[in-house]
Amino acid sequence: MGWAAIETSRGVDSSWALEKYDLAIDLANREDLKVLLVLQRTPSWANGSDDETLAPKDPGAFGDFVLRMCQRFAGRVSAIELWNEPNQPSFFTARSPGEEAREHAAMVEDAYRKLKDHGPQNGDSLVVLAGGTSEVDVEWWEQMYAFGVAEFTDVVAVNPYPEPADASIADDSGGRSRMQEIDDLIGLMGREGDADKSVWFTEVGWSTHKSASDSPDDRPSVDEKTQADRFEETVRIVEIDYPQVEMIFWYNLRDSGDVGSGIESGFGLLDRNLEQKAAMHRMRELFVGD
């Protein structure tokens, strides 16, 4: 959910934009799907800039927006994520260069306090997540813990995409695997008194894109069978060895672009024509059965 697209001036929300979210969330609820709502992107009135990644001047402005959205969607969303990949400059930049963790932590604290004090049912039934990190990034989480995030997030969220992009989540041929980094993260959580909290994979996936060889985004892809295999392997590893990992969110439902348009185009369980890919069939086999 884009904060900038909805709150056009402080306290004034676009009814047209919100109606689209009402429709999408109601459709998800109708299919018994639980919704994780991700809020991000700063409006210009809040940061004095056209750059939607730039932190707001007042962290409380974000907290007010978050509270209002949770009150609107009370009972229709199960969890809320306070920004996406704040450790990634393409999503979040600090007003003071190099202070991304501190400024994000201030936004998270304000929003969390407002949700727990004034949110639906006093916030007790709503899971609140500090922004899920790009990859695992234990160093970022060390900074966040130093700024007191343990009090202001109900779970620890990461987006453990592998590198290279076609590798297994357990592949350590280029160094530590993503799952070894999850071990490091769980160790940090234990040292910080957060051993009882869950870890969520708020994004993970593999792309079946077929980029042109001269594309600047020509990162390695997988075929449809390998995409399905990678998905199943991730589920099996977590199920057997990582009980602390409670949720896995696959990115994403539908391919976002046509063949040849880069890595972002091919992560879907469905292709652009809504035809099921092998990973969708595999998901059904794993979780629904014949």
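The values are calculated or read from the model by the stated rules, or taken from the named source; none is laboratory data. These figures come from a predicted structure and were not determined experimentally. Ideal geometry is used to build each Cβ from the backbone, glycine not excepted, and the neighbour counts take in all protein chains shown.
Computed quantities for the displayed model
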{"quantity": "Helices (runs of 4 or more DSSP H) completely within the range 1-117 that count 2 or more residues being in contact (Cβ under 8 Å) with a residue 24 or more places away in the chain and either of a type in the set (D, E, K, R) or closer than 26 Å to Val156 by Cβ (or both)", "calculated": "15-30, 59-72"}
{"quantity": "Residue in the range 95-106 that is small (Gly, Ala, Ser), buried (at least 19 other Cβ atoms within 10 Å of the Cβ) and under 17 Å from the mean Cα position of the chain (by Cα) present", "calculated": "yes"}
{"quantity": "Qualifying residue in the range 259-273 (condition: part of a strand (DSSP E or B), surrounded by 15 or more Cβ atoms within 10 Å (Cβ to Cβ) and free of Cβ contacts under 8 Å to residues at least 40 places away in the same chain)", "calculated": "yes"}
{"quantity": "Close pairs (9 angstrom Cβ cut-off, 6 or more residues apart or separate chains): closer than 26 Å to Ala195 by Cβ in the range 219-243, hydroxyl-bearing (Ser, Thr, Tyr) and not in a loop (DSSP other than H, G, I, E, B) anywhere", "calculated": "none"}
{"quantity": "Conditions (1) surrounded by 22 or more Cβ atoms within 10 Å (Cβ to Cβ); (2) at pLDDT below 95: number failed by Arg72", "calculated": "(1)"}
{"quantity": "Among the candidates Trp141, Trp200, residue that is in a helix (DSSP H, G or I) and modelled with pLDDT of 95 or more", "calculated": "Trp141"}
